[in-house]
Amino acid sequence: MNIILLGPPGAGKGTQSAGLVERHGMKQLSTGDMLRAAVKAQTPVGLEAKAVMDRGELVSDAIVSALIDDNLGAMPVDQGAIFDGYPRTAAQADDLDRILAKNGRTLDHVIELEVDVDALVERITGRFSCAKCGALYHDTANPTSEDGVCDVCGSTEFKRRPDDNEETVRTRMDEYRAKTAPILPGYEARGIVSRVDGMGAIDEVASAIDAILN
Ligand code: AMP
């Protein structure tokens with residue numbers, strides 16, 4: 001099973017990917033996570049991508065497609081892949097078709113998380129994660145059970161993404177509208193697009209996604 005989770009920043013792609021990994025043993029391929037790891041490790045890709053990411057603009061197609069190519073190629077063929085935050089442009093969608101074919105895979109579903117754009121800024125600016133295990137939280141929608149302590153690993157260190165500020169979020173949404181939303185009609189023509197209301201509670205959205213996969 002190979003699926004794309006599509007939706008504007010803050011739609012819940014990362015949260016739902018983590019759930020799919022846990023429930024179905026799939027692997028999450030998040031180009032955003034890969035790029036953030038490259039920035040942290042100060043690799044040549046990270047050094048090139050950092051300023052672009054800080055502005056909320058898109059990193060070059062060649063860089064992100066190479067990341068996907070490498071990571072998918074390293075996976076066992078029978079493990080399902082969740083593409084989270086990729087593809088984001090028409091060129092990346094073409095690249096993905098080639099990369100999947102090369103690996104003997106086909107795209108089963110494109111799931112679009114539909115969200116109320118006005119709510120996204122609040123959703124994004126409220127999110128944070130455990131600095132140790134990466135568990136995702138939100139100030140109001142999904143706080144830790146005990147204040148300041150990670151539910152999963154007990155760490156008391158948390159972090160926020162530097163690009164989760166209002167100004168950058170607006171640029172990221174503009175990029176989504178201009179470059180990413182236009183790839184949907186191509187997938188629609190193949191009959192593989194499903195839409196899920198992304199404004200529901202995390203487990204409701206998860207159930208809606210599972211209903212599509214089953
Ligand atoms: P994300 O974690 O998916 O919100 O991505 C964070 C940032 O990484 C984006 O705002 C872009 O700057 C960059 N990025 C992630 N995935 C891609 C992609 N597929 N194409 C171009 N840039 C990307």
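The values are calculated or read from the model by the stated rules, or taken from the named source; none is laboratory data. Remember, it's a predicted structure, so these values are computed and weren't measured experimentally. Every residue, glycine as well, gets a Cβ built from its backbone with ideal geometry; the counts of neighbours run over all protein chains shown.
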| For region 156-187, how many residues meet the condition of being at pLDDT below 95, over 19 Å from SER60 (Cα atoms) and assigned to a helix (DSSP H, G or I)? | 3
| remark: Per the filter on region 71-85, residues more than 13 Å from the ligand (Cβ to nearest atom) and β-branched (Val, Ile, Thr) are VAL77
| query | Going through region 34-49 one residue at a time, which ones are without any contact (Cβ under 8 Å) to a residue 60 or more places away in the chain and either part of a helix (DSSP H, G or I) or near the ligand (Cβ under 7 Å from one of its atoms) (or both)? | reply | MET34, LEU35, ALA37, ALA38, VAL39, LYS40, PRO44, VAL45, GLY46, LEU47, GLU48, ALA49
| said: So for region 162-174 (the condition being of a type outside the set (Lys, Arg), in contact with a strand residue (DSSP E or B) (Cβ under 8 Å, 6 or more places away or on another chain) and within 14 Å of the ligand (Cβ to nearest atom)), does at least one residue qualify? | reply: yes
| request: Kindly indicate whether any position in region 50-70 is more than 9 Å from the ligand (Cβ to nearest atom), among the polar types (S, T, N, Q) and over 22 Å from VAL115 (Cβ atoms). | output: no
| message | Looking at VAL121, VAL115, can you tell me which residue is under 15 Å from the mean Cα position of the chain (by Cα) and closer than 20 Å to GLY198 by Cα? | response | VAL115
| said: Going through ARG88, ARG23, ARG105 one at a time, which residue ends up being within 9 Å of the ligand (Cβ to nearest atom) and either within 17 Å of the chain's Cα centre (by Cα) or touching a residue at least 40 places away in the same chain (Cβ under 8 Å) (or both)? | reply: ARG88
